[in-house]
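Right, one structure below, let's go through it.
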Amino acid sequence: LPLLHCVQRMLASQTEGELRVTQVLKEKFPQATAIKVTDISGGCGAMYEIQVESEEFKEKRTVQQHQMVNQ
């Protein structure tokens, strides 16, 4: 059954959680050139890998960039 879930996940598009987080990030960073959200918790939404490329991060320390995304 876990293997079947993995195969279904690979064939499916984004999960509801991934779509929701992506939408929030698009609203927060309208000038972003790339936003990628991946549920790395196996589909339950407990943990996401998030990548955002935006000029808004220019000259900000990594910690500041993370704070901006987490807000």
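Each reported figure results from applying straightforward, stated rules to the coordinates on display, with no laboratory input. All figures in this text were calculated on a predicted structure; none of them were measured in a lab. A quick note on method: Cβ atoms are made from the backbone with ideal geometry, for glycine too, and the neighbour counts reach across all protein chains shown.
From the phi of every residue in segment 20-37, what ³J(HN,Hα) in whole Hz does the Karplus formula 6.51 cos²θ - 1.76 cosθ + 1.60 yield, where θ is phi - 60° and glycine or proline is x?
So the Karplus estimates, Gly and Pro as x, are 5, 5, 4, 4, 4, 5, 5, 6, 6, 10, x, 8, 4, 8, 7, 9, 9, 10 Hz.
Under the rule of at least 5 residues apart or a separate chain, name every residue whose amide H is placed under 5 Å from the amide H of S54.
Answer set, sorted by chain and number: T33.
If I model a spin label at E55 and Q23 as a point 7 Å from the Cα along the Cα→Cβ vector, what separation in nanometres do I get?
So the two model labels end up 2.8 nm from each other.
Please list, by residue number, everything in segment 38-54 whose backbone N is under 15 Å from a paramagnetic label point 7 Å out along Cα→Cβ of E16.
The answer is 43-46, whose backbone nitrogens lie closer than 15 Å to the label point.
Expressed in nm to one decimal, what extension gain is obtained for the pair A46 and N70 from 0.36 nm per residue of sequence separation less their Cα-Cα distance?
7.2 nm
Could you derive backbone 3J(HN,Hα) for segment 52-60 from the dihedral phi with the Karplus parameters 6.51, -1.76 and 1.60 (θ = phi - 60°), listing whole Hz in sequence and x where the residue is Gly or Pro?
My calculation for segment 52-60 gives 10, 10, 7, 5, 4, 8, 4, 6, 9 Hz in order.
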